[in-house]
Structures are given as structure tokens and as C-alpha cells.
């Protein structure tokens, strides 16, 4: 529990930044002959790409005029939080992880619109399962509200990007949609991202598989999407990180939502109310199975980590 002054700019002016989950899982020691387990005789705890998360936290902090937390302090804090809560990490055979929420905000009391004198950096943890569960999801294009402008704050993890979307998400869920799809504010023709994750489209041809990752200046650079892209290259697939038009949706055989809290989630359909169009995709298709299977195996220590993504919890 935190004690925060009521005039903290993190509460009033949005001087705050955060991250989603850094993946923590257990791994059976007999897989890689890792015998330094401390949580129990059968497993040890891994962190997924903490250095990439530290870098994203620094970018977000700098964007809202906060000092950047050095990577060494960031990693030490994350390891400390997990060590003190290691009992809540799921056993290897149970699907789940420990959600890690690094958070930074201006904490000094002030009224003036200027950088705060004091800041607080903290790390919270919580047991967690996939954000969207294990099934496919349905998405609704948000036509009536622009989450972020092209040259705005959409590319960083700050609280002001998300609170205005909550009511739109609630309305969409009443209509049976799990997530929103945001488009560019200028033309409403280009895909930014899903409200909880990045956009990945799969084009399955006779001779090759193409993985298309939406690259928008108004969207977060998804670490999960980047991981999927690297795995796709390893599989011999072609990867394109570029602007994606809404008009391209019919060309995708599969669509995936890629996020820290959601993992890789297959999207079964995307509906746009303004044009009364619904685009259908193969849920849980072959590309999803290969990408998610490989990514999950690396995170769980079931496959060799050729990328150096998994970091063992420091004792």
C-alpha cells in the first residue's frame, strides 16, 4: 500500500508511466539441467525480456518529463519484488504467471504545471492467467473516438492513453466484442493497434508465410509482437513491419493480438460499424499455433532460448 499526497502531479497531470507484465514462469530443472532452483526442488523462476521492458519504461518516463530509471535499478527492483512473492508463481504444469507491474509517477505536492521535485518508482506483482483467456477474440473498430494522435502519446505507456478508452471498451463488451481496434486519427484508414495489444496479420500463400506487424507512430512497440517476428524469421517466414491499411484485412488468413498481458491471442473477426463490414479469420490457425507454441515453450523453459530472452531470477 502506498501513501501519496493528494496534490501529487501523478494524480492530477498524468506524470506517470507503467509497464504490463514481465513474464515469470517456472521451469522443470530436468529440462536444461538447471539445478540451482531455490523456490522448490522441481523448478526455478524465469523473467522474459526484462531488459527490453526496462528500455520501454525509460522511453515512457522521458516522454512525460520524468527521470529515467537506470536499467540496473529497474532490474534489481523487479527481481526483489518477485523473490519476495515467489510462492505465488504457478507450478510448471499450471498455465499462468506472476504479473509484474513496474510503475513510476510524480509524487511531490505541487500545483504548478512543471516537472515534480520527487518521483516514486515501485513494482507490484500479482498471480495472473492470460488476459483474454484461451479462446479466440472478437474485435470492434473504434470509429467514434481517437485514442491517440499520430504525433501524440500513443507510443508510450502512460495512464492518460487508457482511461478514456475504458467506457468504449465496456460498450463493446456489451455487444459481444472482447477488444477494440484503433485506427489513425487523421484518415481513419490505417491500423494503430488493439486496445490491449499490437496487431499482427498473417498472409498464408502457397510458397511462403508472411507476418505483417502494424507499425504506427501512435502505437506501443509491442515486445510480444517483436518476439513473434523474431520467431517467424527463425521459422523461415517473411516479416514485414509497416503501415497496415484497414482495406488489407481481407488479405489476412489469420490475425493475432500481441500483448504482454494477452500473450498471442487469435482474432476470429473484426467488425466495423460505420461501414457494416465484418472480416473473418481462422481462429487458432497454423501460424498462431507455431508462433505461440514456440514463444510459450521459450518462456516456460521447454525449448532452447536462442535469443537470450529468459533471465533466471537472481537469488
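Laboratory data are not the source of any read-out in this text; all were calculated from the coordinates shown. Please read these numbers as outputs of a predicted model, since none were measured by experiment. Note that each Cβ is placed from the backbone with ideal geometry, even for glycine, and that neighbours are counted across all protein chains shown.
Output the relative contact order of the chain, whole-number percent, from Cα pairs under 8 angstrom with separation of 6+ residues.
Relative contact order, the chain: 20 percent.
Considering only alpha-carbon pairs that sit under 8 angstrom and 6 or more positions apart, the relative contact order computed for the stretch 210-315 is 22 percent.
Put in order of Cβ neighbour count within 10 Å, fewest first, the listed residues 254, 208 become 208, 254. Annotation: for a label point projected 7 angstrom from Cα along Cα→Cβ of residue 12, residues of the stretch 109-127 with backbone N closer than 17 Å are 109-120. Summary value for the stretch 185-225: 40 percent relative contact order, contacts being C-alpha pairs under 8 angstrom separated by 6+ residues.
Placing dummy labels 7 Å off each Cα toward the beta-carbon, the span from residue 276 to residue 149 is 3.5 nm. A full extension of the chain between residue 73 and residue 312 corresponds to an added length of 84.4 nm, given 0.36 nm per residue minus the alpha carbon distance.
If you compute percent of Cα pairs over 28 Å apart for the structure shown, which of (1) 55; (2) 43; (3) 34 do you land on? Of the labelled values, this structure produces (2). Working from label points 7 Å from Cα in the Cα-to-Cβ sense, the residue 162 to residue 290 distance is 3.3 nm. For the chain, the mean residue ellipticity at 222 nm estimated from helices alone is -6500 deg cm²/dmol, where every DSSP H run of n ≥ 4 contributes -39500 (n - 2.57) and the total is divided by all residues, rounded to the nearest 500. Here 255, 179 are placed in order of increasing Cβ neighbour count within 10 Å, fewest first, which gives 179, 255.
Placing R0 at 45 angstrom, the Cβ-Cβ distance between residue 109 and residue 206 gives a FRET efficiency of 0.10 after rounding to 0.05.
Net length available on complete extension from residue 80 to residue 59 is 5.3 nm, with 0.36 nm assigned per residue and the Cα-Cα distance removed.
Extension gain, residue 118 to residue 52, is 21.2 nm, computed as 0.36 nm per intervening residue step minus the present C-alpha separation.
Listed by Cβ neighbour count within 10 Å, with the fewest neighbours leading, 58, 167, 83 appear as 167, 83, 58. Taking every DSSP beta bridge that has both ends in the chain, the antiparallel portion is near 80%.
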